[in-house]
1. Go through Ser79, Ser115, Ser123 for me and flag whichever is of a type in the set (Gly, Ala, Ser), more than 19 Å from the chain's Cα centre (by Cα) and under 28 Å from Glu195 (Cα atoms).
2. Would you confirm whether or not segment 6-14 contains a residue that is over 21 Å from Ser187 (Cα atoms) and modelled with pLDDT of 85 or more?
3. Determine if segment 140-156 includes at least one residue that is open to solvent by 70 Å² or more (accessible area, probe 1.4 Å) and at positive phi.
4. Just give me the residues in segment 131-157 being acidic (Asp, Glu) and closer than 11 Å to Gln190 by Cβ, in sequence order.
5. Quickly run through segment 100-133 and pick out the residues that are part of a loop (DSSP other than H, G, I, E, B) and modelled with pLDDT of 95 or more.
6. List every residue pair whose Cβ atoms sit under 8 Å apart, with the two residues 6 or more apart in sequence or on different chains, where the first one lies in segment 137-159 and is outside any helix (DSSP H, G or I) and the second, anywhere, is of a type in the set (Lys, Arg) and at pLDDT below 90.
7. Which residue out of Ala86, Ala78, Ala50, Ala65 is assigned to a helix (DSSP H, G or I), modelled with pLDDT under 95 and of a type outside the set (Val, Ile, Thr)?
8. What's the number of the only condition in (1) at pLDDT below 90; (2) in a helix (DSSP H, G or I); (3) open to solvent by less than 100 Å² (accessible area, probe 1.4 Å) that Pro162 fails to meet?
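The values are calculated or read from the model by the stated rules, or taken from the named source; none is laboratory data. This structure is a prediction, so every number in the text was calculated from the model and none was measured. Glycine gets a Cβ as well: all are built from the backbone with ideal geometry, and neighbour counts include every protein chain shown. Side chains included, ligands, DNA and RNA excluded: accessible areas come from the protein's heavy atoms. Shrake-Rupley method; radii C 1.70, N 1.55, O 1.52, S 1.80 Å.
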Amino acid sequence: MQGFRREGDAYVARLDAAERAVLLDVVDDVVGLLTEGGPSSVARGRAAAAHPLDALRMEAEDVRAPTDPALRRLLPDASVDPEVTAEFRRLTEGDLRTAKTDHLLRLRATLMAASLDVVVVPSEAPRIAAALTDVRLVVSERLEVRNDADADALYHLIGTDPEPSEAADPRAQVARRFLATVYVVLSLLQESLVELMLEALPEVGPEPG
């Protein structure tokens, strides 16, 4: 695979069919996390409200914090104050889940449209980068990545031959190595796309005077 690079007016990455298939599966898993068990405003959609007061009634429902640690990375607490956090979730979590799901579906459509090259136009780049970031967060939580040292260990894991351990389940070792590879691919895609986006920002000159 190759990370994103600029080609003309677009950002282009290269993934083979197997890599795209794996990323599509992971994207679908994250979409499932966001859409299952969410507040009623996500399940039914605010557009289903026949009257503005119906939307307000839907938002009046309490929203529980996610129990899945990976989903909690996507929908973190807004405050150390439980009451503030609960109120923030009640007012915003439905919209946040919807926005993140929309970004993921845009990423999915982009991957589905690709052959070898994944093409992202600059206007879509923020949404694609946000989706890649969310998928990467979920994978990192599954791998219990907490700091740079943990991330570096994943790069080392996929760059070396696995050493058999009597204490470790061989299937678990293979699964972790596979998930680590997914994490590295996501990191390369996300970081290379964000770098191109930053390069495209207009330069800010010195303030007058």
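1. Only one candidate qualifies: Ser115.
2. yes
3. yes
4. Within segment 131-157, Asp134 is the sole residue that qualifies.
5. Hit for segment 100-133 is Val121, nothing else.
6. Leu143/Arg176
7. Going through Ala86, Ala78, Ala50, Ala65 in turn, just one is assigned to a helix (DSSP H, G or I), modelled with pLDDT under 95 and of a type outside the set (Val, Ile, Thr): Ala86.
8. With (1) at pLDDT below 90; (2) in a helix (DSSP H, G or I); (3) open to solvent by less than 100 Å² (accessible area, probe 1.4 Å) applied to Pro162, the lone miss is (2).
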